[in-house]
Amino acid sequence: MKFKYIKNGKILIRISDGRKQRPVKRDLTTLRKILTEFTEHTATYKNTYFWQSPSTASSRRSLERKSRFVGNFEPDLIGINVTLEFELSVSCRYIYTHKNIVVNGSRVTARTITTIHKEIDAILAAYDAVLEAA
């Protein structure tokens, strides 16, 4: 069995010609999908501080429940553990957003999400090239 290593940034993935090719690609595409959903969700609530708060308390709590996003990703094969949390808290006057992004046990900024997203795209492109060459 032949192993090839693709190094892009800090992520190192082992691509083999055996049976573990599909789970690695599936894990990467799942992680990419979760990251994309989180970025789109946070972009929706980007300038919420300037929004007008709903008038009734039930409307405010409903908005908080609808806007909550929790994504956990802990695959076995690629070794990247990602926890994404997004919450909206609505007061009588303002709307506040809270983000918590943890990658491999350390808290990071939202910019790291786009960096990881670009690295995954590059790895998937190289992964497909390795599979076509094999």
For this session: If a/c stays under 1.5 just call it rounded; otherwise compare a/b with b/c (prolate if a/b is bigger, oblate if not). Do that for region 28-134, with a ≥ b ≥ c from the square roots of the Cα gyration tensor eigenvalues.
Result: prolate
Problem set entry | Point-to-point label distance, ARG68-THR115, nm (Cα→Cβ direction, 7 Å offset) | 3.1
Exercise. Once you put a point 7 Å from the Cα of TYR96 and another 7 Å from the Cα of THR83, both along the Cβ direction, what distance in nm separates them?
Worked result: 2.1
For this session: Give LYS25/LYS46; LYS33/LYS118; LYS33/LYS66 a once-over and call out the pairs whose C-alpha atoms are over 23 Å from each other.
Result: LYS25/LYS46
Problem set entry | Under 15 Å from LYS99, Cα to Cα: aspartates and glutamates that are on another chain or at least 8 residues apart | GLU37, GLU40, GLU64, GLU85, GLU87
Exercise. Quick one: if the Förster radius is 30 Å, what FRET efficiency do GLU37 and SER59 give, using the C-beta to C-beta distance and rounding to 0.05?
Worked result: 0.75
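Each value in this text was obtained by applying a stated rule to the coordinates, not by laboratory testing. Bear in mind the structure is a predicted one, so any value in this text is a computation, not a measurement. Neighbour counts are summed over all protein chains in view; Cβ atoms, including those assigned to glycine, are modelled from backbone coordinates with ideal geometry.
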